[in-house]
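Each remark here refers to the structure printed beneath this line.
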Amino acid sequence: MKNTFKKIFTILTSVFLILCVAACGTTKQPAHSQPASSTQGEPEPTAAPSVVITVYTGDETAEHFLTQEVAAAALDENSVFAALKSADDVELLDFAQNGGALTIDLSDAYASYIQSLGTSGEYIAVGCLVNTYLTAFGADTVSITVNGAPLESGHNVYDMPLEFYTDSTNS
């Protein structure tokens, strides 16, 4: 009798465990139905960023470039500009890509920002913009304009396409 009780107990326990495991499975909803939401009227969470942008910055001494990875929803000129933005009032007015050549047109505030820097600071600030865009778009050159005209700083007139910058100690 004891043996029979053990068998029945073992079978019932096994059936119970199988039912518990089966109940934990997921169920498919029909394609036309929407999942129930616990909050009414709240927007769905946005998708996680899908690209990583390498942003160039300068060190405290304005001698070396540093990089940091910034997540963005898309790889476009506005996402790169937002990740890089150095001064609050600078605006991206226009962007063009023609093969490996980029053109970036910025507001007057960018020229004012660059003109407020010393020679090393200017080198690093312009280099950060150039390197970030070149890396993001896999381009060879960047032309920087301010309201459609070449950027002028007091140290330089940027009227030629610019290539990848290296640390100022290597220039």
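The values are calculated or read from the model by the stated rules, or taken from the named source; none is laboratory data. Treat the numbers as computed from the prediction; the structure is a model and nothing was measured. As a convention, Cβ positions derive from the backbone with ideal geometry for all residues, glycine included, and neighbour counts pool all protein chains shown. Heads up: the accessible areas ignore ligands, DNA and RNA and are worked out on the full protein's heavy atoms, side chains in. Shrake-Rupley method; radii C 1.70, N 1.55, O 1.52, S 1.80 Å.
Side notes on the structure shown:
- Surface per residue (accessible, 1.4 Å probe) for segment 54-171, Å²: 51 Å²
- Distant-in-sequence amide contacts of Glu91, defined by a placed amide H-H separation under 5 Å and a gap of 5 or more residues or a different chain, comprise Ser107, Ala109, Tyr110.
- Gly58 long-range amide H proximity, modeled H, under 5 Å: Leu66
- Local electrostatic count at Asn147 - Lys and Arg +1, Asp and Glu -1, tallied over other residues with Cβ under 11 Å: -4
- Potential lengthening between Leu66 and Phe164 on full extension [0.36 nm per residue; Cα-Cα distance subtracted]: 33.9 nm
- Seen from Ala136, the other residues with C-beta closer than 12 Å to its C-beta sum to a net charge of -3, counting Lys and Arg as +1 and Asp and Glu as -1.
- In terms of overall dimensions, the C-alpha atoms belonging to segment 93-145 reach 33, 21, 12 Å along their principal axes, ordered largest to smallest.
- Summed residue charge, Cβ within 12 Å of Asp167's Cβ, Lys/Arg positive, Asp/Glu negative: -2
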